[in-house]
1. Binning at 5 angstrom from zero up to the longest distance, how are the C-alpha pair distances of the range 123-212 distributed in percent?
2. Working from the alpha-carbon coordinates of the range 165-222, get Rg over Rh, Rh being the Kirkwood radius.
3. Between Phe81, Phe35, Gly96, whose Cα lies farthest towards the positive end of the dipole of the range 21-159 when Lys and Arg beta carbons carry +1 and Asp and Glu beta carbons carry -1, centred on the Cα centre?
4. Using a 1.4 angstrom probe on heavy atoms only, work out the carbon and sulfur share of the accessible area of the range 1-43 in %.
5. For the range 69-115, report the accessible area per residue in Å² (1.4 Å probe, heavy atoms, rounded to an integer).
6. Once the piece of chain linking Thr128 and Cys59 is laid out straight, how much longer is it, given 0.36 nm per residue of separation minus the C-alpha distance between them?
7. By per-residue mean of other Cβ atoms within 10 Å, what is the highest-first order of 66-76, 205-215?
8. Quick one: putting +1 on the C-beta of Lys and Arg, -1 on the C-beta of Asp and Glu, what dipole do you get for the range 1-48 around its Cα centre, in Debye to the nearest 20?
Amino acid sequence: TWEVPTTDNAARFFLERSLDGQNWTQIADLPPTTFIYTDPNVSVDEQSYYYRISLVDSCGDITPWSNIGRTIVLDAEIRNFAPSLEWNAYEEWPTGIESYEVEIFNDFSLQWQNVENLDGRTLFLVDTETNLDQIFYCYRIIGNEAGGTCRSVSNEDCVPVGPRLFPPNVFTPNDDGLNDDFAIKGIYIATYNLQIFDRWGALIYESNNINDRWDGTWRGKPVQEGA
């Protein structure tokens, strides 16, 4: 979109697109009453695009090119068991970017919800806080104009998430304040059940809450050291 020109003798708009901000291709010749254009010949999930526009008046004179608008491309992937998000900076509102909003689509509410608000210089986030009961996490980025009301929304990118469990292989219940409890940590867990058996197959501890911790006792007494 672009603003209405102040001149009364506008004839048409020339709209151009670029992949690198240097080499430009005209993509539309538009009447002076048009102030919005949808570009169908792009792959917004793979590439960021630059746009600029100029005005031709009834005398054939061409104005200087407008400021450049650049789309935001989000890339999401799983790194170290957590969604890792990267995106390019939006360009070029005259006052710059004030903030970026990171949003995730909630499959239950069918709405986008906020993950985090970041300053306009931050282009990276590892999401270790979101814990939704769904197979895919789909994200998008919203750029907000500094001192203005304009917003730019990125593509949507999805990553598969699955349960991750991190059990310790040893603990020391000796009341020294270090590793006194057996606790399993995990992410993306919908249901959970832990059973601990002794070496003869007797059940000595059970929990359905991943936040519970076993203190190494059975029937109020410490169990033997060992496996």
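1. Each 5 Å bin holds this share of Cα pairs: 3, 9, 14, 15, 14, 11, 9, 8, 6, 5, 4, 2, 1, 0.
2. Numbers: Rg = 12.0 Å, Rh = 12.5 Å.
Taking Rh as the inverse mean 1/r over Cα pairs, Rg/Rh reads 0.96.
3. Going by the charge dipole, the pick is Phe35.
4. Numbers: 1370 of 2940 Å².
That fraction is 47 percent.
5. Working: 2440 Å² over 47 residues.
Value for the range 69-115: 52 Å² per residue.
6. On the way: separation 69, 0.36 × 69 = 24.84 nm, distance 5.88 nm.
Gain on stretching Thr128 to Cys59: 19.0 nm.
7. 66-76, 205-215
8. On the way: 2 positive and 8 negative charges, 34 e Å.
Here the size comes out at about 160 debye.
The values are calculated or read from the model by the stated rules, or taken from the named source; none is laboratory data. Please read all numbers here as calculations on a predicted model, not as lab measurements. Every residue, glycine as well, gets a Cβ built from its backbone with ideal geometry; the counts of neighbours run over all protein chains shown. Protein only, heavy atoms only, side chains kept; ligands, DNA and RNA dropped before computing areas. Shrake-Rupley method; radii C 1.70, N 1.55, O 1.52, S 1.80 Å.
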